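The values are calculated or read from the model by the stated rules, or taken from the named source; none is laboratory data. As the structure is a prediction and not an experimental result, all values here were calculated from the model. All Cβ positions, glycine included, derive from the backbone under ideal geometry; neighbour counts span all protein chains shown.
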Amino acid sequence: MIEKLLGAGDMETLKDSYKLLLESHVELGGKMKELSVKQKGATNPYKIDRIKSAISEMDIKRHDVHLQLRVLGRKLGKSEHQVDTDVLLAKGSLEGYGLPEFIVITSDDIGDGLNLQEDEMFILFEWESVFEGIYEPVLYTKLLHQRMNELIQLAPEMVQYETADDSAYFHDHTSTMYGVIVKQDNIDEVIKIMHENAGKVRVDPRFFSETEKTKAETDHEAALDVYNAEMEEQYDNS
């Protein structure tokens with residue numbers, strides 16, 4: 001529908017611009033991480049203040065890029081949650097392991113609220129956002145949590161359940177991440193388990209049954225009605 005309204009050429013231009021903004025967001029995050037490392041090793045108070053100032057400026061730029069992504073995302077038919085998911089996926093995923101839908105966060109990432117060790121990675125199964133005090137419904141949220149719990153049961157000695165506040169990464173809302181922490185030494189075995197039990201742990205909708213998808217979509221539509229009504233009421237009262 002959106003492609004018909006915009007035209008194929010316009011849609012491709014928007015997608016290209018969206019991709020460039022994602023790359024810019026990742027690049028700024030990388031530079032912020034480099035400066036953060038320099039700050040930890042600095043001893044001169046003046047230098048520390050200058051690094052802090054540079055990080056703050058880059059963070060503002062990154063947030064501006066994020067807002068631009070939201071605008072383009074809406075034109076591409078994406079919700080704010082979908083845009084934020086794209087931002088996180090751009091930071092890293094398990095695509096190289098044949099599991100592209102899983103976002104991965106390591107100790108190199110800044111502002112993740114996880115405090116991971118160097119030999120650990122966090123595999124994200126689901127995350128929830130609250131915009132201006134109102135929870136934004138996530139499609140398949142119950143299924144995502146079920147699949148995370150399945151992996152924990154399948155590999156209890158290799159994965160550790162973890163939840164973390166990621167609000168520092170997104171300025172205008174709070175968010176909570178749900179997933180598992182895996183030691184680098186165990187990642188190959190965990191990946192093998194995930195592939196062997198794809199129907200139980202994969203979070204790509206292709207691995208959901210039609211019954212599961214229909215139930216989840218019905219629940220999501222009802223939750224969206226409540227969300228939109230609450231947002232509309234909040235804006236009317238502002």
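What are the pairs with Cβ atoms under 8 angstrom where one residue, in segment 144-161, is aromatic (Phe, Trp, Tyr) and the other, located anywhere, is at pLDDT 95 or above and in a helix (DSSP H, G or I)? Sequence gap at least six, or different chains.
Tyr161/Met148; Tyr161/Ile152
Out of Leu72, Leu114, which single residue is at pLDDT 90 or above, touching a Phe, Trp or Tyr at 6+ places or on another chain (Cβ under 6 Å), among the hydrophobic types (A, V, I, L, M, F, W, C) and surrounded by 15 or more Cβ atoms within 10 Å (Cβ to Cβ)?
Leu72
Is it true that Ala229 is modelled with pLDDT under 90 and either surrounded by fewer than 18 Cβ atoms within 10 Å (Cβ to Cβ) or assigned to a loop (DSSP other than H, G, I, E, B) (or both)?
Against the criterion (modelled with pLDDT under 90 and either surrounded by fewer than 18 Cβ atoms within 10 Å (Cβ to Cβ) or assigned to a loop (DSSP other than H, G, I, E, B) (or both)), Ala229 qualifies.
Is it the case that segment 51-59 has a residue that's farther than 19 Å from Asp188 by Cβ, touching a residue at least 24 places away in the same chain (Cβ under 8 Å) and surrounded by 14 or more Cβ atoms within 10 Å (Cβ to Cβ)?
Yes, some residue in segment 51-59 is farther than 19 Å from Asp188 by Cβ, touching a residue at least 24 places away in the same chain (Cβ under 8 Å) and surrounded by 14 or more Cβ atoms within 10 Å (Cβ to Cβ).
Pairs under 9 Å by beta carbon, first residue assigned by TED's automatic domain parsing to the domain that holds Glu101 and hydroxyl-bearing (Ser, Thr, Tyr) in segment 201-227, partner at pLDDT below 90 and exposed (fewer than 11 other Cβ atoms within 10 Å of the Cβ), six or more apart or different chains?
Partner pairs satisfying both residue conditions: none exist.
Quick grid of which residues meet (1) small (Gly, Ala, Ser); (2) modelled with pLDDT of 95 or more; (3) under 25 Å from Glu212 (Cα atoms):
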site: Trp127; (1), (2), (3): no, no, yes
site: Gly133; (1), (2), (3): yes, no, no
site: Pro137; (1), (2), (3): no, no, yes
site: His145; (1), (2), (3): no, no, yes
site: Leu151; (1), (2), (3): no, yes, yes
site: Asp165; (1), (2), (3): no, no, no
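Looking at this structure, is Ile187 under 21 Å from the mean Cα position of the chain (by Cα), at negative phi and modelled with pLDDT of 85 or more?
yes
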